[in-house]
Amino acid sequence: MATITDPVIGRWYKDFENDLTFTVVALEGDNESIAVQYANGDLGEYDNETWYASTFDYIEDPDDWSAPFDDLETDDLGHSDPDRHVRPDQDGMDLSNFLD
């Protein structure tokens with residue numbers, strides 16, 4: 001079975017033949033290469049011919065999709081807001097501070 005899915009940056013794929021999970025990190029149009037990062041953090045590259053002759057298919061993002069990116073900060077993950085909504089101290093509020 002050959003791949004019919006096109007490579008898309010940021011999408012996760014599984015190589016069913018080799019049981020590898022990876023995300024596409026770059027597409028190089030000049031030499032038609034597809035740069036990938038595997039779930040273990042290793043980098044790899046495929047050319048178009050190899051990509052479309054493979055057994056790749058889209059998958060859902062893994063539970064720990066940030067594992068390959070060791071140097072990510074919590075803010076980089078997009079969910080650093082702890083969803084804590086603290087009620088302001090109403091005694092110290094002066095409405096005139098908010099009016100023009």
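Which value results for Rg/Rh of region 1-62 when Rg is the Cα radius of gyration and Rh the Kirkwood radius based on the inverse mean 1/r? It would help to have the intermediate numbers written out before the result.
Numbers: Rg = 10.5 Å, Rh = 11.4 Å.
Reported Rg/Rh, Kirkwood definition of Rh: 0.92.
Could you grab the relative contact order for region 1-62? Cα pairs under 8 Å, six or more apart, rounded to a whole percent. Please report the intermediate quantities before stating the final value.
Values: 119 pairs, mean separation 25.2, N = 62.
That works out to 41 percent.
So how much slack lies between Y58 and E32, counting 0.36 nm per residue of separation and subtracting their Cα-Cα distance, in nm?
Details: separation 26, 0.36 × 26 = 9.36 nm, distance 2.00 nm.
The Y58-E32 span can extend by a further 7.4 nm.
Under the rule of at least 5 residues apart or a separate chain, name every residue whose amide H is placed under 5 Å from the amide H of I59.
Residues meeting the amide H criterion: W12, Y13, K14.
With each pseudo-label sitting 7 Å past Cα toward Cβ, what's the A2-F16 distance in nm, one decimal?
Label at A2, label at F16, 1.6 nm between them.
Residue by residue, what Karplus-based ³J(HN,Hα) values in Hz, rounded to whole numbers, does region 36-53 have, using 6.51, -1.76 and 1.60 with θ = phi - 60° and x for Gly and Pro?
Karplus values, whole Hz, x for Gly and Pro: 10, 10, 6, 4, 8, x, 5, 9, x, 8, 10, 8, 4, 4, 5, 4, 6, 9.
Just so you know, all these numbers are worked out from the coordinates, no wet-lab data involved. Since the structure is predicted, the reported quantities are computational estimates derived from the model, not experimental observations. Note that we place each Cβ from the backbone using ideal geometry, even for glycine, and neighbour counts take in every protein chain shown.
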